[in-house]
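Asks: Just dropping this structure here.
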Amino acid sequence: MKITNAKPFFPEEDISLILEEIKKSLQTGTLTFGPNVSRLEKEFAGYIGVKNAIAVNSGTSALEIALRYFDLKGGEVIVPTNSFVASANAVILAGGKPVFVDIKKETLCIDPDDVRKKITPKTRGIMVVHLAGLIPPEIDEIKEICDKNDFFLIEDAAHAHGSSIDKKHAGSFGHVGCFSFFPTKPMTTGEGGIITTNDDKIAEYAKILRHHGKEGNEHTKIGYNWRMSEINAILGVYQLNRLDEFVEKRNKIAQRYVDELSEMEGLSLISVPSNSVHSFWKYPVLLESIKAPELEKIFRDKYEIALGTIYYPPIHLQPFYKQEFGNKPGMLPISEEVLLRETCLPIFVDMTDEMIDNVIMAIKKELK
Ligand SMILES: Cc1ncc(COP(=O)(O)O)c(C=O)c1O
């Protein structure tokens, strides 16, 4: 039985309803700037608990727009090195310099102590990444650092739809939250993204920027085509409706892994604080006696089970960042050591009990 690592899920009944909605869109000819984008924005803002949500065509666009609002002009933005490269690329594309910080091995998320060490007179803001769907338990500490220094706080919540701490959702902690709707994410629009904010000025700016900087009939800023289409938004409306159900299912799978694997030697799990809801976009584990790529190969060849990585190499050691900034191994020792031992067990909404059993059985056999 082939088991993938991550995939989207559309129940059959939703597929029929989605097709009906797409048909209506095609019949009316309203394929962009229509009722479905507005509906997704309104419902997503309501779900997250913020005043505004602005839909765009990717998570990367969401990040770039948010960063452009802060007019970086060569200023520095602190970014955890353990993220998808888009987090740092967006800083460069918005005219700033990403300054990488290390992670805590218990969470795989940003380390506030390393953040303090990397602040310079050029620092303008901090980007936190809710890695795999875990909001860093130190989010309040990071917020305090931002408040004290007058930094902006951007949440890269690309993995964290439905995650919360004390019922406060990811995307409502910082000045701006940026989500991706890439197919494997906790909810998808095919391709797409969304910006969440309580700040009306940021919301207005995002709406202008995603449409080539157009304000009224004039182009007042340099923007781009960062718009979301109606067809993508239709998928989003139906996926958002299921988000809590999807997160609950992911949590049930995660609980099976905890029940079966938490006592195992050779493997450690990431624990989730009791006041926190994890979206479990991914299920990362740390290996002790084997490197992740070796186990991934065994799983692929012997069991047809796809293990995944988030992320290796960390961003500061990606070839572009080594070349451009002269980064070298040893700069961020926790990430460099821990992420080579990190792999992700399969987790997706329609994963069957038999699939979960197979993954657990294979892990027990190979790590014995
Ligand atoms: C942490 C993180 N940030 C940003 C992005 C970019 O999102 P997108 O692929 O929708 O542009 C991703 C996508 O995988 C991501 O994982």
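The values are calculated or read from the model by the stated rules, or taken from the named source; none is laboratory data. What you see is a predicted model; the values in this text were computed from it and never measured. Cβ: placed from backbone, ideal geometry, glycine included. Neighbour counts: every protein chain shown.
Asks: Restricting to the stretch 99-140, count the residues that are acidic (Asp, Glu) and crowded, with 20+ Cβ neighbours inside 10 Å.
Replies: Here is the first cut: in the stretch 99-140, the residues acidic (Asp, Glu) are 102, 106, 111, 113-114, 138, 140.
So of that shortlist, the ones also crowded, with 20+ Cβ neighbours inside 10 Å come out as 102, 111.
Here the count works out to 2.
Asks: Scan the stretch 333-349 residue by residue and report those that are among the polar types (S, T, N, Q) and part of a strand (DSSP E or B). Break it down stepwise before answering.
Replies: Kept after step one, since they are among the polar types (S, T, N, Q), are these residues of the stretch 333-349: 335, 343.
Across the stretch 333-349, the qualifying residue is only THR343.
Asks: Still on this structure, I have one more. I need a count of the residues in the stretch 116-165 that are touching a residue at least 60 places away in the same chain (Cβ under 8 Å) and in a helix (DSSP H, G or I).
Replies: Total meeting the criteria: 3.
Asks: A further question on this structure: Just a yes or no: is a residue in the stretch 29-44 touching a helix residue (DSSP H, G or I) at 6+ places or on another chain (Cβ under 8 Å) and in a strand (DSSP E or B)?
Replies: There is at least one residue in the stretch 29-44 that is touching a helix residue (DSSP H, G or I) at 6+ places or on another chain (Cβ under 8 Å) and in a strand (DSSP E or B).
Asks: Let me ask you something else. Suppose the filter is within 15 Å of the ligand (Cβ to nearest atom), surrounded by 19 or more Cβ atoms within 10 Å (Cβ to Cβ) and either of a type in the set (A, V, I, L, M, F, W, C) or within 23 Å of ILE135 (Cα to Cα) (or both); does ILE54 pass it? Reasoning before the result, please.
Replies: Numbers: within 15 Å of the ligand (Cβ to nearest atom): yes; surrounded by 19 or more Cβ atoms within 10 Å (Cβ to Cβ): yes; either of a type in the set (A, V, I, L, M, F, W, C) or within 23 Å of ILE135 (Cα to Cα) (or both): yes.
Judged against the criteria, ILE54 is a match.
Asks: Can you tell me how many residues in the stretch 62-78 are within 10 Å of the ligand (Cβ to nearest atom) and more than 13 Å from the chain's Cα centre (by Cα)?
Replies: To start, the set of residues in the stretch 62-78 that are within 10 Å of the ligand (Cβ to nearest atom) comprises 62-64.
With the extra rule that they be more than 13 Å from the chain's Cα centre (by Cα), the set shrinks to 64.
Summing the residues that are within 10 Å of the ligand (Cβ to nearest atom) and more than 13 Å from the chain's Cα centre (by Cα) in the stretch 62-78 gives 1.
Asks: Still on this structure, I have one more. Criterion first (within 12 Å of the ligand (Cβ to nearest atom) and in the same structural domain as GLU230 (by TED's automatic domain parsing)) does SER180 satisfy it? Step through it out loud before you land on a result.
Replies: Values: within 12 Å of the ligand (Cβ to nearest atom): yes; in the same structural domain as GLU230 (by TED's automatic domain parsing): yes.
Judged against the criteria, SER180 is a match.
Asks: Right, here's the next one. I'd like the full set of residues that are surrounded by 24 or more Cβ atoms within 10 Å (Cβ to Cβ) and in a helix (DSSP H, G or I), limited to the stretch 66-98.
Replies: Scanning the stretch 66-98 gives ALA66, LEU67, SER87, ALA88, ALA90, VAL91.
Asks: What tally of residues in the stretch 183-200 results from selecting those that are within 8 Å of the ligand (Cβ to nearest atom) and more than 18 Å from HIS278 (Cα to Cα)?
Replies: Residues meeting the conditions: 3.
Asks: Hey, another quick one. Among ARG39, ARG68, which is under 30 Å from GLU324 (Cβ atoms) and either outside the structural domain of PHE173 (by TED's automatic domain parsing) or charged (D, E, K, R) (or both)? Steps first, please.
Replies: On the way: ARG39 fails: under 30 Å from GLU324 (Cβ atoms).
One residue alone meets the criteria, ARG68.
Asks: Consider GLU191 against the criteria (1) part of a loop (DSSP other than H, G, I, E, B); (2) touching a His at 6+ places or on another chain (Cβ under 9 Å); (3) of a type in the set (Asp, Glu): it satisfies all of them except one. Which criterion is unmet?
Replies: Here GLU191 clears every test but (2).
Asks: Give the stretch 1-45 a look and list any residue that's among the β-branched types (Val, Ile, Thr), within 30 Å of CYS344 (Cα to Cα) and under 23 Å from the mean Cα position of the chain (by Cα), or say none.
Replies: Quick first cut of the stretch 1-45, residues among the β-branched types (Val, Ile, Thr) only: 3-4, 15, 18, 22, 28, 30, 32, 37.
Then drop every residue that is not within 30 Å of CYS344 (Cα to Cα), which leaves 3-4, 15.
Those that are among the β-branched types (Val, Ile, Thr), within 30 Å of CYS344 (Cα to Cα) and under 23 Å from the mean Cα position of the chain (by Cα): ILE3, THR4.
Asks: Under 7 Å between Cβ atoms, at least 6 apart or on separate chains: pull out the pairs that start in the stretch 53-68 with a residue that is under 9 Å from ARG227 (Cα atoms) and end on any residue that is charged (D, E, K, R) and in a helix (DSSP H, G or I).
Replies: Going by the 7 Å Cβ cut-off, the qualifying pairs are ALA55/GLU41.
Asks: Checking the conditions here, which among LYS185, LYS148, LYS143, LYS214 is surrounded by fewer than 21 Cβ atoms within 10 Å (Cβ to Cβ), of a type in the set (Lys, Arg) and over 21 Å from LYS104 (Cβ atoms)?
Replies: Numbers: LYS185 fails: surrounded by fewer than 21 Cβ atoms within 10 Å (Cβ to Cβ); LYS148 fails: over 21 Å from LYS104 (Cβ atoms); LYS143 fails: over 21 Å from LYS104 (Cβ atoms).
After applying the criteria, what remains is LYS214.
Asks: Which residues, counting only those in the stretch 262-302, are small (Gly, Ala, Ser) and under 17 Å from the mean Cα position of the chain (by Cα)? Spell out the reasoning first.
Replies: Filtering the stretch 262-302 for residues small (Gly, Ala, Ser) gives 262, 266, 268, 271, 274, 276, 279, 289, 292.
Answer for the stretch 262-302, where residues must be small (Gly, Ala, Ser) and under 17 Å from the mean Cα position of the chain (by Cα): SER276, SER279.
Asks: From VAL277, VAL247, VAL285, VAL237, which residue is in the same structural domain as TYR47 (by TED's automatic domain parsing), touching a residue at least 40 places away in the same chain (Cβ under 8 Å) and β-branched (Val, Ile, Thr)? Step through it out loud before you land on a result.
Replies: Working: VAL277 fails: in the same structural domain as TYR47 (by TED's automatic domain parsing); VAL247 fails: in the same structural domain as TYR47 (by TED's automatic domain parsing); VAL285 fails: in the same structural domain as TYR47 (by TED's automatic domain parsing).
The unique qualifying residue is VAL237.
Asks: Sticking with this structure for a sec: In this structure, does ILE48 turn out to be β-branched (Val, Ile, Thr) and over 16 Å from ASP199 (Cβ atoms)?
Replies: Working: β-branched (Val, Ile, Thr): yes; over 16 Å from ASP199 (Cβ atoms): no.
No; evaluated as a whole, the condition is false for this residue.
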